[in-house]
Each structure stands twice: as structure tokens, then as C-alpha cells.
Amino acid sequence: MNAGAHALPPEPPSFRPADGAGYGAGDGSRGRTELAVKVIEKIAGEVAREESSSGGASGGFMGIGARADMSARPKTSVELTGNVAALTIEVAMPYPVPLRQAAGRLRQRIMSRVTELTGVQVRQVDIRILWLKSGRDAPARRVLL
């Protein structure tokens, strides 16, 4: 298995067809599925983006000039050890919002959905709030003199 990849645990018996159709003879397995860390990062970012209370960054070049974009996927990083993951996610939040409660809801949503979609147990989600975005943050028109 490659570094940065995760072998999924075998499917539980409840997911296997009753007659064994689609599975090889012997141990009931036809191979193994591996998930790259990048896949888990992308799934976690998509789950966070689906949440109406968070966004990511867009624009800029090499990190300079980036701005909050509530429709962008937040930047996510994953540390994977066996079947356990620790995630760090950088988000934008709307203003005003109770940040502690919004981050707690986002954390629970990411933990449950990533575990449900990948089979990887998420033990920790660190949320870094980099921007606050108010409804009044519409791009202002600049006048050049």
C-alpha cells in the first residue's frame, strides 16, 4: 500500500449479497480498496462546503490576495494513522454568528459524514476560522483618480 493511502476495512456481512453473488470464492473477498489522503481531504472539504455556515478562500496567487468566498470549498488537511484520521480545516464563517456553536455543528457534521462515506474513523477536527464574511461585504466599486 502506498504512503498516504488507507485500506478500507472489509465490508460488514450485512452489506454482502445473501447468495454471495459478486464475491470471489474462499474468504468472500475479491480485493481491497485504498483511499488516498487527498480523497479524504476532498470529501471533508465538500462536506464543509455543503454546510451553509461555512466557506473557503478564492482568488489570490500563492496565498497572497485570497478572499473569503462562501461558495468555495474550505482547505482541508488530513493526518491518517491506520483507520483513524485527524483533520484540520480552514473556513470562512458568516458574520454575525455564534462562532463556538457554528464550529461545533460543523465539526460534528464533518466527523459523521466523513466516517459514513469513507469508513475512516475521524477522532479530531480542528477548525481554523480565517475570515468572517458579512452580508454587506459586496465588492465595492473603486474609483481611480
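Laboratory data are not the source of any read-out in this text; all were calculated from the coordinates shown. In this text the structure is predicted, and so the values were computed from the model without any measurement. Because the Cβ atoms are built from the backbone with ideal geometry, glycine has one as well, and the counts that use them run over all protein chains shown.
Overview of results
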| quantity | calculated |
| --- | --- |
| Taking S29, S77 and counting other C-beta atoms within 10 Å, the order from fewest to most | S29, S77 |
| Cβ-based exposure ranking for M93, M111, in which fewest neighbours within 10 Å come first | M111, M93 |
| Karplus-derived 3J(HN,Hα), 6.51/-1.76/1.60, for each residue of the range 95-108, Hz, glycine and proline x | 10, x, 8, x, 4, 4, 5, 5, 5, x, 5, 4, 4, 5 |
| Proxy reagent accessibility, fewest Cβ within 10 Å first, across R113, R73 | R113, R73 |
